[in-house]
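**Student:** One structure coming up, written as structure tokens, with questions to follow.
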Amino acid sequence: MQTLGVANQTPQSDSRLKNIFWPTIRNATDVDTLGSQGYWICAIVSVLGALSAAATGHPIAGFFLLLYIYLGGVGVRQHSLYAAAAVFVMNALKNEIR
């Protein structure tokens, strides 16, 4: 369809790493893709943080960390600016305290 010029989709030329760290936003679909990527990044970080906390002997703190960051990721997926800011600030504070 693309060779006939009938499809209105353009191929994505950027790499996955560039899209995660330096996204290009051209339309609403790009914003939705960013929300989806933010959700998955929060999900992965929450699981890794919970496993790390459990390995150091803090399983309850790890559970609450998993819950907080994962639900923050759900908020990011729903395009909530408050959820994105809250997860960012809490993560920055957590890293500063260590």
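The values are calculated or read from the model by the stated rules, or taken from the named source; none is laboratory data. Keep in mind that this is a model prediction, so the values were computed, not measured. For neighbour counting, all protein chains shown are included, and Cβ atoms are generated from backbone atoms with ideal geometry for every residue, glycine included.
**Student:** Only residues that are at pLDDT 80 or above, among the polar types (S, T, N, Q) and surrounded by 12 or more Cβ atoms within 10 Å (Cβ to Cβ): list them for the range 13-35, please.
**Tutor:** 33
**Student:** Hey, among 57, 62, 5, which residue is more than 14 Å from the chain's Cα centre (by Cα), in a loop (DSSP other than H, G, I, E, B) and at pLDDT 85 or above?
**Tutor:** The conditions single out 57.
**Student:** Among the residues of the range 56-81, which ones are of a type in the set (A, V, I, L, M), under 15 Å from residue 39 (Cβ atoms) and surrounded by 13 or more Cβ atoms within 10 Å (Cβ to Cβ)?
**Tutor:** Matches in the range 56-81: 66, 69, 71, 74, 76.
**Student:** While we're looking at this one, here's another question. Of the conditions (1) out of contact with any helix residue (DSSP H, G or I) (no Cβ under 9 Å at 6 or more places or on another chain); (2) in contact (Cβ under 8 Å) with a residue 12 or more places away in the chain, residue 75 satisfies every one except a single condition; which number is it?
**Tutor:** For residue 75, the failing item is (1).
**Student:** Among the residues in the range 73-96, are any outside any loop (DSSP other than H, G, I, E, B), more than 16 Å from the chain's Cα centre (by Cα) and modelled with pLDDT of 85 or more?
**Tutor:** no
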